[in-house]
Amino acid sequence: MLSMLALVGFLFVGNLFVFHVQNMLRNQTTFEKNTGSRIYDLGWKQNIVECLGENYIRVFICPLCVSPLPSDGLSFVAHQNAPPPLKVARNNLRQRHS
């Protein structure tokens, strides 16, 4: 019984881990994923640097390591040809509900 509970817990945590790593690699929030917006996708490696900082390998292994982020946390670099975020979200929601 305990091994079954451990297996269920492992599968649950594993799915959450995969979900969040996918979001990090695409530089998306859950809302952006649901609306299909990918305006902050700068490529997988730059997306990791945006999320975890310059020392991303150390931070992935030990989250207590210091890793300076490239931005201030309030403004983010968008993809070069990306339209404004609200316009993308609005258009994607309209397409879903029509």
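The values are calculated or read from the model by the stated rules, or taken from the named source; none is laboratory data. Please read these numbers as outputs of a predicted model, since none were measured by experiment. Counting neighbours? That spans all protein chains shown, and the Cβs are built from the backbone with ideal geometry, glycine included.
For this structure, a couple of remarks:
- Among residues of segment 77-87 being at pLDDT 65 or above and of a type in the set (A, V, I, L, M, F, W, C), the one that is surrounded by the fewest Cβ atoms within 10 Å (Cβ to Cβ) is Val77.
- Candidates are the residues of segment 55-74 that are hydrophobic (A, V, I, L, M, F, W, C) and not in a helix (DSSP H, G or I); the one that is modelled with the lowest pLDDT is Leu74.
- Residues in segment 22-60 that are without any contact (Cβ under 8 Å) to a residue 12 or more places away in the chain, of a type outside the set (Lys, Arg) and closer than 27 Å to Gln95 by Cα: Gln22, Asn23, Thr29, Thr30, Asn34, Gly43.
- Cβ-Cβ under 7 Å pairs, at least 6 apart or on other chains, segment 61-76 side surrounded by 10 or more Cβ atoms within 10 Å (Cβ to Cβ), far side modelled with pLDDT of 90 or more and among the basic types (Lys, Arg): Cys65/Arg58; Ser67/Arg58
- Subset of segment 1-43 (residues that are part of a helix (DSSP H, G or I), under 12 Å from the mean Cα position of the chain (by Cα) and either under 20 Å from Pro68 (Cβ atoms) or small (Gly, Ala, Ser) (or both)): Met24
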